[in-house]
Structures are given as C-alpha cells and as structure tokens.
Amino acid sequence: MYMQALNRYTFSSIALVSFALCLAAELKKTKIDDLVLDGKLCYLPRSASFELGITGLICLSITQVAGSLFVYREVSSRERGGSFTVTRSLLVLSWIGFGVAVVLLSAASSMNQSQAFGEGWLDGECYLVKDGVYIGSATLTLLALGSALGSGIVAVRKNKAEETQGSLVHVKVDT
C-alpha cells in the first residue's frame, strides 16, 4: 500500500514538473523583437524554451508510460472482461491528450532552436510560436495526468471491491 502511494505521488510530481516547464517555456519563447531581418532572409536566436520544452516532453513521456504501466498492472491482475470499461476509456483519453501534447511540444520546441539566415525552420522561413501553444501543452499534460490517475483509481477500486467480494463466505442457513 505504501509503495502504491509513493508511486502515485512520484508520478504526479513528475507530471506537475512537466506542467511547470511548459508554463516556463511559454514565458521564455522567442518573441517578435528577437527576429532579425536582412532583406528576405531572417534570423532567430535560440531560446530557453527549447530546453524547457524538451525537458517537459521527457517528463510527460515518463509519466505517461509509468501511469499506463501501473494501470496495466492493476487491470491485468484480475480477470479480463470483454466490456469497454471506464478504466480503458480514461486510459485512451490520457493517450490522446499525451499524443496531442507531444506534437505541440515537439513543434514549438523545434521552432525555438536557432533559425539561421536563409535556413529558417521550414523552407528557409522563420517561424515564431504563437501565444498559448505551450499553455495548451501544459493543459493537455494535466488532462493526461488526470485521466491516467482516474484510470488507475478506478482500476484499484475495482480490484479492492473484487477482493472484498472474494473474501466473503456465503453460508446457507436452514431455519
């Protein structure tokens, strides 16, 4: 029991670190004032958002995999049912939120690398990350965390309910 609580708190802490890193990346991203134009060529310096975004992405990935393994362990410890449960639907929602957050964080962090004259981010053009992209990633991080935790809680409660029912002894009393 103690180990499960420790894992849940560690898992949540890493996800909250990812959330905080996404918010910090939003504040440190490259701004329009950093853009240098030379005719048709542009230059953007490397931003701290690159490191913050990549670190947030790593933390998010760790929590998603750890949460999914925890839920899998809880679900596989009991007999598998053929019905689509709340546990599975929350886990799927968690993976969807994770996938969208990965795309947003990867693209936004990639744009915050140094974009040299004539190279740019894509087709030789410089791109800036729009306001709110990292905040959207932070929100999706919380969605993935909440869904994974919810899935784990439902799985643990169902296991405990099944264990409780299994330990009850039914006795037929003749009157």
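Just a few scattered comments:
- Note on segment 35-57: residues that are of a type outside the set (F, W, Y), part of a helix (DSSP H, G or I) and within 17 Å of L128 (Cβ to Cβ) amount to 4.
- Residue identified as in a helix (DSSP H, G or I) and modelled with pLDDT under 75 among V173, V156: V156
Matching residues to (1) part of a helix (DSSP H, G or I); (2) surrounded by fewer than 17 Cβ atoms within 10 Å (Cβ to Cβ); (3) at pLDDT below 80:
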site: Q4; (1), (2), (3): yes, yes, yes
site: V17; (1), (2), (3): yes, no, no
site: C59; (1), (2), (3): yes, no, no
site: T63; (1), (2), (3): yes, no, no
site: T87; (1), (2), (3): yes, no, yes
site: L90; (1), (2), (3): yes, no, no
site: G97; (1), (2), (3): yes, no, no
site: V103; (1), (2), (3): yes, yes, no
site: S110; (1), (2), (3): yes, yes, no
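The values are calculated or read from the model by the stated rules, or taken from the named source; none is laboratory data. These numbers were taken from a predicted model, which means no experiment stands behind them. Glycine gets a Cβ as well: all are built from the backbone with ideal geometry, and neighbour counts include every protein chain shown.
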